[in-house]
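Laboratory data are not the source of any read-out in this text; all were calculated from the coordinates shown. Source: prediction; values computed, not measured. Cβ coordinates were reconstructed from backbone atoms using ideal geometry, including for glycine residues, and neighbour counts include every protein chain displayed.
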Amino acid sequence: MVLLHGKLVVAGDMTVGKTAICHVAGNDAASYPKTYNCTNLADLVLKQIRVPDSDDVVEFFLFDSSGNSVYLESLRDAWITMDMYCIVYDVTNRNSFKNCAMWLEQLSQARGDHNIFGVLIGNKIDKENFRVVTTQEGKQLANSRKMGFFECSAKDNKGISEIFKYLASEFTSRYRARIRALEKMARDSY
Ligand SMILES: Nc1nc2c(ncn2[C@@H]2O[C@H](COP(=O)(O)OP(=O)(O)O)[C@@H](O)[C@H]2O)c(=O)[nH]1
Ligand SMILES: [Mg+2]
């Protein structure tokens, strides 16, 4: 069993549901925020997620970034130490989808030479009648950026645990690969 700590940066436009996703993460539907609270700079949430089919646990340090661009400079400083990221858009808001490219650009400026990975998340699928961004479009963008892709509803707690299980599995398998590479380096240096 390993217990890993991973810093997950959550970014995306204002009101797409970043804070709601962070609170519902870990299958905790009761914590869906019923009233809208605008996030200033960032909120921090700790969640432990068990890796599927293993004893491994990842303690996520969720860095729930404000979608307000006035904070971008300070956010980039805090993003430097991220291990992974989520970019969230609202499937009923075309502009929030368009801006994913901008958020990706901001994150890549902050990443330095870190070996990080990310997922693209289309939220609010409970509002299917108001959907303007298709699943196909989301998938295409994610594929072109080599990111995982998920759709979810924080409101209905649908699709959220899958995202965090994926991130936890990916994070631990990358950790194990790194350890193997280090062990090989140590062996080869004798
Ligand atoms: N219908 C619906 N509304 C949501 C969902 N997630 C968040 N919201 C609402 O969208 C608004 C913004 O959510 P919030 O999490 O604060 O967005 P943030 O600015 O990205 O952190 C709030 O009124 C939430 O209740 C969802 O999955 N479905
Ligand atoms: Mg927020």
Residues of type lysines that Lys158 reaches as a straight line, Cα spacing below 29 Å, ignoring anything fewer than 8 places off in the same chain:
Lys7, Lys18, Lys34, Lys47, Lys98, Lys124, Lys127, Lys139, Lys146
If I model a spin label as a point 7 Å beyond the Cα along the Cα-Cβ vector, how far apart are those points for Met185 and Ser74 in nm?
3.6
One finds, for Gln136 and Asp156 with R0 = 30 angstrom and r their Cβ-Cβ distance, a FRET efficiency to the nearest 0.05 of 0.85
Exposed loop sites here are trypsin sites (Lys or Arg not before Pro) in DSSP loop states with at most 14 other C-beta atoms within 10 Å. What is the longest stretch of the chain lacking them?
35-145
Averaged across orientations, what area in nm² does the convex hull of the alpha carbons in the stretch 88-135 project?
3.5
Cross-link reach from Lys155 to aspartates and glutamates, straight Cα distance under 18 Å and at least 8 residues apart if same chain, gives Asp13, Asp28, Asp64, Asp90, Asp126, Glu128
Please give the per residue volume of the convex hull enclosing the alpha carbon atoms of the chain, rounded to a whole number of Å³.
124
Here FRET efficiency (C-beta to C-beta, Lys146 to Met102, R₀ 22 Å, nearest 0.05) is 0.75
Between Thr15 and Ser173, what FRET efficiency follows from the Cβ-Cβ distance if R0 is 25 Å, with the result rounded to 0.05?
0.15
How far is helix 160-188 tilted off the main Cα axis of the chain, in degrees rounded to 10, range 0 to 90?
20
